[in-house]
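Below you'll find the structure, written out as structure tokens, and then a few comments.
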Amino acid sequence: MKLVIRKAAAIKDDVRQWSLVWILALMSLISASAQASGPQEWLQRMLEARQELSYRGAFIYSRGDEMSSMKVFHRSQNGVEKERLVAMDGEMREIIRDGDMLICVFPGGKQVRLEQAAYTGPFPGAVLNGGSDVDSVYELKMAGEERVAGHDVLKMAVMAKDQYRYSYYLWLEKNSGMLLKSLLTNRKGEVLEHFQYTVLELGAQVTDQELAPSMPEADVKALEPKQGETLPEQWMPAWLPKGFSMSPNVTKRNDIMPGDMRTQVYGDGLTMFSIFVEENSPQAMPEGASRMGATTAYSKHIRHGGMTYVITVVGEVPIETVKRVADNMKSSPSAGDAS
């Protein structure tokens, strides 16, 4: 009997040892799989996750001395993104996205429609050009594992290689690559913006009701786009920071920046800035620079061809970037005026 017990105990020991071997091997494979994807691949997964996943949650966003919290409902269906953001602080306001249409809804049903709108979350420049070639202007490296909003995440450092852009720290959900937290810092290491989910349900079955505006007086479908007149001059930057490329021009009118203007949008794979060109008017932007958190703006008035134009550059880039772009704008006749 003692011999049988010893043999049984030996078998159990063998089972435990082999189980431990298999567990360690499995952990090694999982670790190797995670390490097999480099920073560039994780950035691509981040882009795909926020466009293709359906989810609901809540996040905080701070810049400068301001902090806000929002609920988000996002659904991707048949290649079309639909999203609703609900402000949880201050007066009631919502942002409704349906494909390329973006509408801001304020109390009383007042709406502002932005056509060919950029992505509403962090890193719209990644959506602009697919996040390609960012390693030419940023140094990318993985920086460990942590936990955010109940999800295991990988931390990534994205450090700017020049003074014309900011650096970032990203926390990406380990399975999907979804961005759960980000810090934007300047060259001194000071945090200018902070984004972080506090609650996030990935793979959620987001309903039509969750995507509809909650304010009953808001009639999103009734709002029609208002096209502005083409400006007589085509203004283009004679200088751009390395890595920035342009999306197609958009001529639009909205309640945020009144008047007819042409908008150009440039991105480097993570961040972006916009150039607004309009004829001078009492409603035009005054000359000078301003900054809130990481967002900077610089306006310059240029006299050309008997007219005064207002060039405004706005984006999440350092002040020296927007100023140098605005100071190096050049004009040429618009294509429609060419003879």
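Among the listed pairs Lys82/Lys155; Lys188/Lys242; Lys242/Lys300; Lys161/Lys323; Lys181/Lys330; Lys82/Lys181, those whose Cα-Cα separation exceeds 31 Å are Lys181/Lys330. Here the extension length gained between Ile60 and Met159 equals 33.3 nm, from 0.36 nm per residue of separation less the Cα-Cα distance. Between Asn186 and Val112, the contour length at 0.36 nm per residue exceeds the alpha carbon distance by 23.5 nm.
Taking 22 Å as R0, compute the FRET efficiency from the Cβ-Cβ separation of His301 and Asp89 and round it to 0.05.
E between His301 and Asp89, to the nearest 0.05, is 0.05.
Which FRET efficiency value, to the nearest 0.05, is calculated for Ser68 and Ser332 with the Förster distance at 51 angstrom and r the Cβ-Cβ distance? Taking R0 as 51 Å, the efficiency between Ser68 and Ser332 is 0.80. Full extension of the segment from Ser37 to Asp135, taken as 0.36 nm per residue of separation minus the current Cα-Cα distance, would add 33.8 nm.
For segment 39-211, what is the relative contact order in percent, using Cα pairs closer than 8 Å and at least 6 residues apart in sequence?
With pairs under 8 Å counted, the relative contact order is 25 percent.
If you build the convex hull over the alpha carbons only and average its shadow over all orientations, what do you get for segment 39-211? Give it in nm² to one decimal. Dividing the Cα hull surface by four gives the mean projection, 10.5 nm².
Every read-out reported here was derived from the displayed coordinates using simple, explicitly stated rules and does not represent laboratory data. Note that the structure is predicted; figures quoted are calculated from it, not measured. Note that each Cβ is placed from the backbone with ideal geometry, even for glycine, and that neighbours are counted across all protein chains shown.
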